[in-house]
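Undergrad: Right, I'll just put the structure down here and ask away after.
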Amino acid sequence: MKAKMALAKDFKLAKVDERIFGSFIEHLGRAVYNGIYEPTHPTADDQGFRKDVLELVRKLNVPIVRYPGGNFVSGYRWEDGIGDKATRPVRTDLAWSTIETNQVGIDEFQEWAKRANTQVMMAVNLGTRGVEEARNVIEYCNLQKGTYYSDLRVKNGFEQPFGIKTWCLGNEMDGPWQIGSKTAMEYGRLACETAKVMKWVDPTIELVACGSSSRYMDTFGRWESTVLEQCYDHVDFLSLHAYYGNPKNDTPNFLACSNNMDAYIREAVATCDYVKAIKRSNKQLYISFDEWNVWFHSNEQDKKIERWSIAPPLLEDIYTFEDALVVGCLLITLLQHSDRVKMACLAQLVNVIAPIMTENGGSAWAQTIFYPFFHASNYGRGTVLQSVIDSPCYSSPDFGDAAYLHAVPVWDEQEQTLTVFAVNRSMEESVQLALDLRDFEGYRLCEHTVLNHNDMKAVNSAACPNEVVPASLPIDFDGNEIALPAHSWNVLRFKKQ
Ligand code: AHR
């Protein structure tokens, strides 16, 4: 089938905020314990962090990692995770019915983040706690010294403040499953008061207010407007969360789910701008899509996990090749909204619905979804251009009409590199893509990387970690058309010669 894409240097959508390639580590299952932290592992460093995992995380080039939850944060006492490890309390985690040993807390996590070349995006507990604890934790993390909590940090061995710039005001507070969930009005008021106080302690921070935990929540829309009417002036981002699955085993339908993300972002942006209008505000709010991924494979397995165990294998989705295509589609959609989506977190990073898997005491490997994220994060920095795409469409039962070609161009003006990320959603046919690059004189295609497999359900595993890996195709571009294989993720890299 044939498709066309036209782009021009002057039609810029936005500069990509690199934090759109963020991720997430929650105290959940084996994300922290036996994921990033396993002191007895052969590759453990002086702090007990797995070096094999750190290496994979660094490859992903993740600029920011949300921590410590997720649902976990709504019952968390941050003070449990600081100071002498021997005296830290062991507690029940009611979010996941597990035992939390507190051997890792913010003291350790900020150290891990340095080693992973990333920043921490910290969430405060607005489920069981509130203004007072939020004020204390930011004092502990960000003030120099000379106050109770900053001196406590120094006493714990950290002379320099952690300097955490981005903070989430709770997590999914609209969800009845959340410890201490709230009505929109209750949460909006609490978010407002907490935000004020946190910025009084450190005016340089940026704050994220909870939007809906899914577009399918009955309260979606009204939740956002009510919350923002309360806290608009004090926050910088609205969060969105979305997970997708393929329970009906309908691959073309599944591949169209990025339509849902697209509509969700548009609706949330419209709601932010509605509140901006009624407040006669000049301030622009941005979206932090701080949980997104495919999540459904582990649902049944998780029902069998015994309660009150330490680091059980929860939410361990084993990702297929088709999941990688969906992650590619979702990344393209996020980039297409880079004018308003300034942060996003692939949820999560290690073991828990993650691109990186580990065996306790054993190997670490990249799941299928690792690769589109790796490509987007490493080559998707620059300016997103507004392209015009002309592609045949198909109709999906759950997500409406979807174009076979889903694509976005990112231009790195400094490096003189143009990258086109493209998914061909057709199960049968290759797409002959006519690329109108008349504005990019002197640019030549120098790389065509493809992720493709003839089995949509192919997976990577400890025994077979390279079943689904990207390959370089021979350069076959006559300056006009290029073939994108059926059901494939493509990275086309053009460089000025
Ligand atoms: O990422 C897993 C869970 O999904 C998070 O804890 C929660 O915020 C969301 O519901």
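Undergrad: Please find the FRET efficiency linking Y148 to Y274, where r is the Cβ-Cβ separation and R0 is fixed at 51 Å, and quote it to the nearest 0.05. Can you show the working numbers first?
TA: Values: r = 42 Å, r/R0 = 0.82.
Approximately 0.75, to the nearest 0.05.
Undergrad: Could you grab the relative contact order for the chain? Cα pairs under 8 Å, six or more apart, rounded to a whole percent.
TA: Normalised by residue count, the contact order of the chain is 20 percent.
Undergrad: Still on this model: If you add up the charges near R66, with Lys and Arg at +1 and Asp and Glu at -1, over every other residue whose beta carbon is less than 9 angstrom from its beta carbon, what do you get?
TA: On the way: positive: none; negative: E26, D290, E291.
Neighbourhood net charge equals -3.
Undergrad: Label points 7 Å out from Cα along the Cβ direction at E132 and S97: separation in nm?
TA: 3.2
Undergrad: Dipole size in debye (nearest 20) for the chain around its Cα centre, Lys and Arg Cβ +1, Asp and Glu Cβ -1? Spell out each step's value before the answer.
TA: Details: 49 positive and 65 negative charges, 191 e Å.
In total the dipole reaches around 920 debye.
Undergrad: Another question, if that's okay. By how many nm would the segment from S430 to K12 grow when fully extended, if each residue of separation counts as 0.36 nm and the alpha-carbon distance is taken off? Walk me through the intermediate numbers first.
TA: On the way: separation 418, 0.36 × 418 = 150.48 nm, distance 2.88 nm.
Extra length available between S430 and K12 comes to 147.6 nm.
Undergrad: Give the relative contact order (percent, whole number) for segment 146-247; include only Cα pairs under 8 Å separated by 6+ residues.
TA: Numbers: 125 pairs, mean separation 30.0, N = 102.
The normalised contact order for segment 146-247 reaches 29 percent.
Undergrad: Here's a follow-up. Ignoring ligands, DNA and RNA, what percent of the accessible area of the chain is carbon or sulfur (1.4 Å)?
TA: The nonpolar share, carbon plus sulfur, comes to 49 percent.
Undergrad: Also: Points 7 angstrom from Cα along the Cβ direction at E186 and E441: gap in nanometres?
TA: Once both label points are built, they end up 6.5 nm from each other.
Undergrad: Can you work out ³J(HN,Hα) from phi for every residue in segment 126-135, in order, using Karplus 6.51 cos²θ - 1.76 cosθ + 1.60 and θ = phi - 60°, giving whole Hz and x for Gly and Pro?
TA: Per-residue couplings from phi come out as 10, x, 9, 10, x, 4, 4, 5, 5, 5 Hz.
Undergrad: What is the ratio of the Cα radius of gyration of the chain to 2.2 N^0.38 Å, where N is its residue count, to two decimals?
TA: On the way: Rg = 22.4 Å, N = 497, 2.2 N^0.38 = 23.3 Å.
Its radius of gyration relative to the 2.2 N^0.38 Å reference: 0.96.
Undergrad: Summing Lys, Arg as +1 and Asp, Glu as -1, what charge do residues with Cβ under 11 Å from the Cβ of V468 carry, V468 excluded?
TA: Working: positive: K457; negative: E322, D323, D455, E467.
After counting each charged neighbour, the total is -3.
Undergrad: Counting only heavy atoms of protein chains, what accessible area per residue, in Å², does segment 17-382 have with a probe of 1.4 Å? Intermediate results must be reported in sequence, preceding the final value.
TA: Details: 12590 Å² over 366 residues.
With all protein chains present, segment 17-382 gives 34 Å² per residue.
Undergrad: Under a Cβ-Cβ cut-off of 13 Å, what is the net charge of the residues other than T320 that fall near it, where Lys and Arg count +1 and Asp and Glu count -1? All intermediate terms of the calculation are to be shown ahead of the outcome.
TA: Values: positive: K457; negative: D317, E322, D323, D455, E467.
Net charge around T320: -4.
Undergrad: Separate question: How far apart, in nanometres, would the label points at W200 and D80 be if each is projected 7 angstrom from Cα along the Cα-to-Cβ direction?
TA: Output for this residue pair reads 2.9 nm.
Undergrad: Using the structure shown, select from K248/K457; K276/K342; K59/K496; K165/K342 the pairs with a Cα to Cα distance greater than 23 angstrom. Let's see the in-between values first.
TA: On the way: K248/K457 14 Å; K276/K342 18 Å; K59/K496 25 Å; K165/K342 14 Å.
The pairs that break the limit, which is 23 Å between Cα atoms, are K59/K496.
Undergrad: Please give the FRET efficiency for K283 paired with A463, using the beta carbon to beta carbon distance and R0 = 51 Å, rounded to the nearest 0.05. Provide the component values of the computation, followed by the final result.
TA: Values: r = 53 Å, r/R0 = 1.03.
It comes to 0.45.
Undergrad: Moving on. Restricting to the chain, what percent of DSSP beta bridges are antiparallel, rounded to 5?
TA: Of those bridges, close to 55 percent are antiparallel.
The values are calculated or read from the model by the stated rules, or taken from the named source; none is laboratory data. Remember, it's a predicted structure, so these values are computed and weren't measured experimentally. Glycine gets a Cβ as well: all are built from the backbone with ideal geometry, and neighbour counts include every protein chain shown. Accessible surface areas use protein heavy atoms only, side chains included; no ligands, DNA or RNA. Shrake-Rupley method; radii C 1.70, N 1.55, O 1.52, S 1.80 Å.
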